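All of the numbers you see were taken from the coordinates with simple rules; none came from a lab. Just so it is clear, the structure is predicted and the values come from calculations on it, not from any experiment. A quick note on method: Cβ atoms are made from the backbone with ideal geometry, for glycine too, and the neighbour counts reach across all protein chains shown.
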Amino acid sequence: MRARAVTLAQWLLLGSVIGVICGTASAAFLWLLELATDFRGAHESIVFALPLAGLGLGFVLERFGQSIKAGNNLVIDTIHDDGPEVPLRMAPMVLMGTVVTHLFGGSAGREGTAVQMGASLSDWVSHRLGVGRQVRRQLLAAGVAGGFGSVFGTPIAGAVFGLEFVVLGRLEYAALVPALVASVVGDLTTRALGIGHTAYPASASVPLSPLLALKWVVFAAAMALATVAFIELTHFIKRVAERRVARLPVRMFLGGVAVVALWQVVGSSDYLGLGVPTIVRAFSDPTLPASAFALKILFTALTIGVGFVGGEVTPLFFVGAALGSVLARLLGLPLELGAGVGLAAVFAAASNTPLALSIMAMELLGSGVFPHVAIVCVLAYLFTGHRSIYPSQRLALGKLGGAVEPTTRLRDLDG
């Protein structure tokens, strides 16, 4: 009993330390991101400089960022393989790179930055304390949870995400306590530092019926198709760009040119940056263009595929909410319910984290979205196959139940 109490006290202390560090880093990041977004909105012509920003950022990443270029995949590999310490430079470099990406109009998210900052900072703590392999693994999961939970204001989803995204088919329950503590403390820290989060409209409570369940199957299939399109297009652009253009700065310059050209052709700034105003609009505007989700896929795949820094969550929220809004009109669903379920489903499928995103939807949108969001997230996750925006994810169990080697990476499988 005493040993259990000591272990619990250790996890409470270490989880709190990781949470404070992650929450503080997320607060600084979100503050800078807001400044960058507001500046771009007030000086839209800065987007024309995106190619030059890519060129400069590419030189910095090429010179100093080789050890961290794998991003979230480096975090996953380190958790599994007990690799070298995640470089502390990852935290400031991904923060700087993401802010630059958003300042000049690149379409990217923020979860990748938060996760990588949390992992690098927590691994720095692990190595300073000289902990063993198992404790280090648990603290890395706590860092992921603390970063994710604090950057979105969803502490329970953050904890589950830290346990779920590493291995398909298994939750890392050994890290449950530190992940939960880090995520809750991280969220409290970010809020205490004066950072607010986007308020989304609450979804009305709609009873589940057999007809509605059938509609959700169709809905989930559409979400899975959008997810597959995003993953495959992003990976395709990355492969082609790396094969044909050896230097990262040149790839980013050319990618910046492509994004600017697309922006001019489309004639709208809705698809630059995070796209939060359009996400909120999807909950209430029946005139939202049906093509909005596809354009956001294209803008984001181009931005991420050529090497700009940032995550995928918020752009995929955009894709899911916009597509969900369109499908709600076609299927006779409440608009806010369709947008809310879609918001969660695309990222759940893309990251293979249906439990975390079902919980996240309830934290963001209220309990009225349940059980609909859980049904669609799980179905979209299954329909997407063995694909992921994190190809280093391991399989403990195939999505349809088949056993696999525990070291199998998704990148080694066919979709």
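Arranged from highest to lowest average of other beta-carbon atoms within 10 Å per residue, in what order do the peptides 380-387, 165-172, 204-211 appear?
With the highest mean Cβ count within 10 Å placed first, the list reads 380-387, 165-172, 204-211.
Return the FRET efficiency for the residue pair F236, D77: r is the Cβ-Cβ distance, R0 is 22 Å, and the value is rounded to the nearest 0.05.
For R0 = 22 Å, the calculated efficiency reads 0.45.
With unit charges on the beta carbons (Lys and Arg positive, Asp and Glu negative) and the dipole taken about the Cα centre of the range 210-412, which residue among S325, Y390, Y271 sits farthest to the positive side?
Y390
Arrange S183, S268 by Cβ neighbour counts within 10 Å, fewest through most, would you?
Least to most surrounded, the residues fall as S268, S183.
Using a 10 Å cut-off around each Cβ, can you sort C22, C377 from fewest to most neighbouring Cβ atoms?
Lowest to highest Cβ neighbour count: C377, C22.
From the Cα gyration tensor of the range 298-415, with a ≥ b ≥ c the square roots of its eigenvalues, which class applies: rounded if a/c is under 1.5, or else prolate if a/b is larger than b/c, or else oblate?
Oblate.
Nearest 500 deg cm²/dmol is fine: what mean residue ellipticity at 222 nm does the chain get from its DSSP H runs of n ≥ 4 alone, each adding -39,500 (n - 2.57), divided by its residue count?
The per-residue figure over the chain is -23000 deg cm²/dmol.
Can you tell me how the range 210-412 classifies by the Cα gyration tensor, rounded, prolate or oblate, using a/c under 1.5 as the rounded cut?
oblate
Regarding the range 2-192, what is the average projected area of its C-alpha convex hull, in nm²?
If I average the Cα hull's projected area over directions, I get 11.1 nm².
Less than 14 Å Cβ to Cβ from Q10, Lys/Arg counted +1 and Asp/Glu -1: what total charge do the surrounding residues give?
+3
Where in the chain are the DSSP H helices whose C-alpha atoms run 18 Å or more along the long axis and whose mean Kyte hydropathy is at least -1.0?
2-42, 50-64, 90-103, 111-129, 133-152, 176-192, 210-244, 248-266, 292-305, 313-331, 335-351
Assign unit charges at the C-beta atoms only (+1 for Lys and Arg, -1 for Asp and Glu), then state the dipole size of the range 210-412 relative to its Cα centre in Debye, rounded to the nearest 20.
Its charge dipole is roughly 600 debye.
How large is the dipole of the range 1-104 about the Cα centre if only Lys and Arg carry +1 and Asp and Glu carry -1, each at its Cβ, rounded to the nearest 20 debye?
Roughly 280 debye, rounded to the nearest 20.
Would you check the chain for Lys pairs whose C-alpha atoms are within less than 25 Å, ignoring same-chain pairs closer than 8 in sequence, and give me the count?
Counting lysine pairs in the chain gives 5.
How far is the Cα center of the range 360-404 from the Cα center of the range 84-123, in Å?
25
For the range 55-141, what is the convex hull volume of its Cα atoms per residue in Å³?
Output value, Cα hull per residue: 82 Å³.
For the chain, just say rounded, prolate or oblate: build the C-alpha gyration tensor, square-root its eigenvalues into a ≥ b ≥ c, call rounded for a/c under 1.5, and beyond that prolate if a/b exceeds b/c, oblate if not.
It is rounded, given that a/c, with a ≥ b ≥ c, falls under 1.5.
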